[in-house]
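Worksheet: the structure to be examined is printed underneath.
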Amino acid sequence: MASNLLVSEEKLVPRSIQEMSMSIQEMSMDGDEPPSQYLVKGNSFGSKEDSSTLIPIPIIDVSLLSSQAELEKLRSALISSAGCFQAIGHGMSSSYLDKVRYGNDMVVSENQVLDWSYRLTLRVFPKEKRRLALWPENPSDFSETLEEFSTKVKSMMDYLLKCMARSLNLEEGSFLDQFGKQSLLQARVNFYPRCSRPDLVLGVKPHTDRSGITTLLQDKEVEGLQVLIDDKWVNVPTIPDALVVNLGDQMQIMSNGIFKSPMHRVVTNTKKLRMSIAIFNEPEPENEIGK
Ligand SMILES: O=C(O)CCC(=O)C(=O)O
Ligand SMILES: [Fe+2]
């Protein structure tokens, strides 16, 4: 299932934190029942009871990927039913990741009505495709921080794509070259307000990403992301310095289905708001993939 979450930038209106928190208060209604259009009806999105913490999400040390053992771990993480992993050893320090996490907390936007979340999606690369009018001016270092973080994440993802090809005994550039020099890199800031009925309301409904590869900087404290593994929703734990990496539909195609684009969702909670920043990289739109 392709993601229905990528929304056109025209519809997004950046807001200030003040406006945003008012809406959140309205939406949260001080513990009142959420409006009916947010309720997950029946079992169509999988019940909440089946969450399992017994299946661990693999952890890959990016700095060790020149070794055969770590490369094998990467391959098995991606062909196994988990289809995602937590990347450590990526060279970005905790204080740097905190700057990205909390430096940007004025950036939110409302779109999808049925998910209990606000999002702002921005094209970062190619540079000419940016719509700078939508980039928040506050905080003043927003653009700089987003550009720098996106560049670091892109370089990690490029390296991982090479390792993924090597792990299948393919030419190093087999996947990366299909993305092309002008591949599309988008950043999405997700903001999940507290919700009085986590048993009935999801932050993001189950979906797979349409990207080639996605990297997610999770909230440092608040969990919420779950991956469907063997028909069970498994929590992706918060590891402060780790970046969650998952493949999207286009890499599933490029790898002839050997690597999976995992189904995932975000649950809500009554206690704490949650933020995450996702970086999506996908091949140039004109590129034919999976040849
Ligand atoms: O917020 C998260 O943990 C995941 C968000 C997500 O899946 C997405 O933006 O595609
Ligand atoms: Fe996603």
Being more than 10 Å from ligand 1 (Cβ to nearest atom) and either closer than 23 Å to Leu176 by Cα or open to solvent by 40 Å² or more (accessible area, probe 1.4 Å) (or both) is the filter here, so list the residues in segment 264-278 that pass it.
Asn269, Thr270, Lys271, Lys272, Leu273
I'd like to verify a number: residues in segment 113-129 that are within 30 Å of Glu33 (Cα to Cα) and either touching a strand residue (DSSP E or B) at 6+ places or on another chain (Cβ under 8 Å) or assigned to a helix (DSSP H, G or I) (or both), how many?
8
Does Leu161 satisfy the condition of being modelled with pLDDT of 95 or more and touching a Ser or Thr at 6+ places or on another chain (Cβ under 7 Å)?
no
Would you mind stating whether Lys205 is open to solvent by 30 Å² or more (accessible area, probe 1.4 Å), within 12 Å of ligand 2 (Cβ to nearest atom) and at pLDDT below 95?
yes
Failed condition for Asp199, given (1) farther than 28 Å from Gly89 by Cβ; (2) without any contact (Cβ under 8 Å) to a residue 40 or more places away in the chain; (3) surrounded by fewer than 16 Cβ atoms within 10 Å (Cβ to Cβ)
(2)
Going through segment 157-175 one residue at a time, which ones are crowded, with 21+ Cβ neighbours inside 10 Å and assigned to a helix (DSSP H, G or I)?
Met157, Leu160, Leu161, Met164, Ser167
How about segment 209-225: which of its residues are open to solvent by less than 10 Å² (accessible area, probe 1.4 Å) and either away from ligand 2 (no atom under 16 Å from the Cβ) or more than 22 Å from Ser150 (Cβ to Cβ) (or both)?
Gly224
Residues of segment 130-172 being basic (Lys, Arg) and in contact with a strand residue (DSSP E or B) (Cβ under 8 Å, 6 or more places away or on another chain), which ones?
Arg130, Arg131, Lys154
For segment 116-156, how many residues are of a type in the set (Gly, Ala, Ser), open to solvent by less than 60 Å² (accessible area, probe 1.4 Å) and farther than 22 Å from Gln182 by Cα?
1
If you go through segment 238-249 one residue at a time, do you hit one that is farther than 16 Å from Val189 by Cβ, touching a helix residue (DSSP H, G or I) at 6+ places or on another chain (Cβ under 8 Å), open to solvent by 40 Å² or more (accessible area, probe 1.4 Å) and at pLDDT below 95?
yes
Just checking, how many residues over segment 175-230 are within 19 Å of Met263 (Cβ to Cβ) and within 14 Å of ligand 1 (Cβ to nearest atom)?
25
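The values are calculated or read from the model by the stated rules, or taken from the named source; none is laboratory data. Note that the structure is predicted; figures quoted are calculated from it, not measured. Positions of Cβ are generated from backbone atoms using ideal geometry, with glycine treated the same way; all protein chains shown enter the neighbour counts. Calculation scope for accessible area: heavy atoms of the full protein, side chains included, ligands and nucleic acids excluded. Shrake-Rupley method; radii C 1.70, N 1.55, O 1.52, S 1.80 Å.
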